[in-house]
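Asks: Take a look at this one; I'll ask things after.
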Amino acid sequence: MNRIGAALRTLVRHPLEAAVCTILVALVAVTFSQVVFRYVLQASLSWSEELARFLLMWLAALSAAYAMKTGAHFALRFVVDRAPPAARRWIGAAVAAATAVFLAVFASQSLLFAIEVRGMEAPATRMSMAIPYSSAFAGSTLTLYYALVNWRRELRAERGE
Amino acid sequence: MGLLVVLTLVAALLLGVPVAIALALAAMVGLLYSSPEFLIVLPQKFLAGLDSFPLLAVPLFVLAGALISHGGMARRIVDLAMQFVGRLPGGLGLVVILSTMLFSGISGSPSANTAAIGSVALPAMRERKYPPAFATAVFASAGGVSTLVPPAIDLIVIGVVSGMSIGALFAAGVTPAIVLGLALMGLTWIRALDLDLPLEERTTWPRRLRTIRDGILPLFMIVIILGGIYGGVFTPTEASAVAVVYGALVSFFVYRELKLEDIPKILLRTASLSGVVLFVLGTASMFSFVLTFERLPHLLAEGISAHAPNWIVFILFVHLVFLVLGMVMDALPPIIILMPILLPAAMALGMDPLHFGILVAANVGIGMISPPVGICLYVACGVGKTPIEKVTPKLLPFLALLLAMLLVLTFAPQVTLWLPRALGYE
């Protein structure tokens, strides 16, 4: 049980990781219970598909930030890797700046969009559409944060710190 | 403005901006060029691209794959394949191909399949003195076929972005996957005779029966997924959730090889891969919107119908485009952006949409094992601890064979279409 406790403590210290894990488990539970309710209990759920779609949006947004944190997003490296070191530093700065500009614009527009739709109600779950749609704001803000953290780490590594 | 968008994309990609962000940047530049007010389209299209119940099958099938590769199913599938083809010349190579295909039947991610089977089978091949470069080439090439085996992520994404039935695409992938797998096994056999590889020892019947009994549960998982979808019991997305629950139950309670503390690691690995795929999907749908806004797909489709005299010229051109893109980048962005543009053109030239979708899936599978950046090739080289330069010469015959088979699939649409037709998909 100690090891399970340790695993749980790790998750509490890493809220983003805990959130994506929870959403994944919830997605399995919601989708699986949709099948169970239809066949075993003979009563189809009206809200399960909608809830699953909303959870998927949150999973996409938060797991994109997690993938940025772990450096998993795919990039073409074959040009950059052949550039001289001095040029590589400038390219690294340009890439980080371009990424940050997009994510900042995306985050602000996502916030506006979430505010705009807050009065709209989802047909089955009756929740405000701001709940699924604010995933884009949360995800892009976190992705921006990790993009900047990664860039700072690269700069420090270059200076040999 | 269309030119500006495309130039931004190419420049960002070459500088090493992550593909997902490069697509989004190009879309942002395009929208800014029209009016800053249009920027609100960015979150709108991002969310619309992800608001899809069929798409949910992607993370869940990836999770199913991660669970079973931890839970001991991969090893049992390899053992099972050993019973069927292990005694033939090049037996271990054939085992790798057969078990990769079987494993792909329960996991959606080709690179995960390659890693799961490779980490089990490669040590055995090393023990048997298989040349490492040859062994690595064999199981990289098997990964290249797994884009056709349901429930491959690529088939799900093709279905989602083009509005085709995912069940029909799954059915359409089955026969081509078997044909390509048999072709690879044939080539492995021939190469093994050349290399004079050792034959495996004979096993006893009680042992054989035990292995088959152990391997029944993973095979039954394939039956549940495909039987459930084609029996009309559940949708492909529901099948993915059932696969996760089944995989977890078997690994926990039957094999007892999965531990509770492994779960966060498995979930996070799934989240990482899903994050990459879903983020690209979201930003690619922003990019596609800007292209559509500029009427580029329309212009392209007109250009194609003006210049492509028939479907053969068209599909050869499409193959060339996907092969070149597949050699330098991940397959999903080209699929997401080009499928909605190319599919109407293909249909206008008289191609069946399922046939077209399967050809693209087969093509991007080949891209996954092509140097310099094919993902399955990378994973295979990593697991096999063999440098890519050494594997590439050994891989070339397999690549050539797969390309030849791609042409066979292209000119014999019946191979792809008979099964979905027989199952009643139009």
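Asks: Run through all the Cα pairs of the protein assembly as shown and give the fraction in each 10 Å bin from 0, expressed as whole percent.
Replies: It works out to 3, 17, 27, 28, 18, 6, 1, 0, in whole percents.
Asks: How much FRET efficiency would the formula 1/(1 + (r/R0)^6) give for residue B:48 and residue B:207, where r is the Cβ-Cβ distance and R0 is 51 Å, rounded to 0.05?
Replies: According to the calculation, E is roughly 0.40.
Asks: Report, to the nearest 10°, how far helix B:296-307 tilts away from the longest principal axis of the Cα atoms in chain B, using its own Cα long axis and a range of 0 to 90°.
Replies: That helix lies at roughly 80 degrees to the long axis.
Asks: Compute the helix-to-body angle for B:413-422: its Cα long axis versus the longest principal axis of chain B, expressed 0 to 90° and rounded to tens.
Replies: 80
Asks: Under a plain spin-label model, where a point goes 7 Å from the Cα along Cα-to-Cβ, how far apart in nm are residue A:25 and residue B:10?
Replies: For residue A:25 paired with residue B:10, the spin-label model returns 4.9 nm.
Asks: Could you tell me the distance between the Cα centroids of the stretch B:139-201 and the stretch B:264-340, to the nearest Å?
Replies: Spelled out, the Cα-based centre of one part sits 21 Å from the other.
Asks: Dipole size in debye (nearest 20) for chain B around its Cα centre, Lys and Arg Cβ +1, Asp and Glu Cβ -1?
Replies: That gives chain B a dipole magnitude of about 1240 debye.
Asks: When the distances between all Cα atoms of the stretch B:66-218 are binned every 10 Å from zero, what whole-number percent does each bin get?
Replies: 12, 40, 34, 12, 3, 0
Asks: Oh, and also: Could you pull out the longest piece of chain A with no exposed loop trypsin sites (Lys or Arg not before Pro) in it, calling a site exposed if DSSP puts it outside H, G, I, E, B and it has at most 15 other Cβ atoms within 10 Å?
Replies: Answer from the scan: A:1-76.
Asks: Quick check: pseudo-label points 7 Å beyond the Cα along Cα→Cβ at residue B:256 and residue B:119, how many nm apart are they?
Replies: With each label placed 7 Å out from Cα toward Cβ, I get 2.3 nm.
Asks: Taking a spot 7 Å from the Cα of residue A:4 along the direction of its beta carbon, which residues of the stretch B:264-292 have an amide N less than 19 Å from it?
Replies: Under cut-off, by backbone N: B:264-268.
Asks: D for the stretch A:1-147, whole µm²/s, Stokes-Einstein with Kirkwood Rh over alpha-carbon pairs at 20 °C and 1.002 mPa s: what number?
Replies: Here the translational diffusion coefficient equals 119 µm²/s.
Asks: Nearest 0.05, what FRET efficiency do residue A:94 and residue B:317 give at R0 = 41 Å with Cβ-Cβ as r?
Replies: That pair, residue A:94 with residue B:317, gives E of 0.75.
Asks: Suppose R0 equals 35 Å; then what is the FRET efficiency for residue A:155 and residue A:131 from their Cβ-Cβ distance, rounded to the nearest 0.05?
Replies: 0.40
Asks: Same structure again: Taking 0.36 nm per residue of sequence separation and subtracting the Cα-Cα distance, how much length would be gained by fully extending the chain between residue B:347 and residue B:189, in nm to one decimal?
Replies: 53.0 nm
Asks: If I take all pairs of Cα atoms in chain B, what percentage of them are more than 27 Å from each other?
Replies: Result for the distance tail: 52 percent.
Asks: At most 15 other Cβ atoms within 10 Å plus a DSSP loop assignment makes a site exposed; report the longest stretch of chain B without any exposed trypsin sites (Lys or Arg not before Pro).
Replies: The longest such stretch corresponds to B:296-384.
Asks: On a 0 to 90 degree scale, rounded to 10, what angle separates helix A:130-158 from the longest Cα axis of chain A?
Replies: 20
A short reminder: the numbers here are calculations on the coordinates, not readings from a lab. Just so we're clear, the structure is a prediction, and the values are computed from it rather than from any experiment. Heads up, the Cβs are rebuilt from the backbone with ideal geometry, glycines too, and the neighbour counts pull from every protein chain shown.
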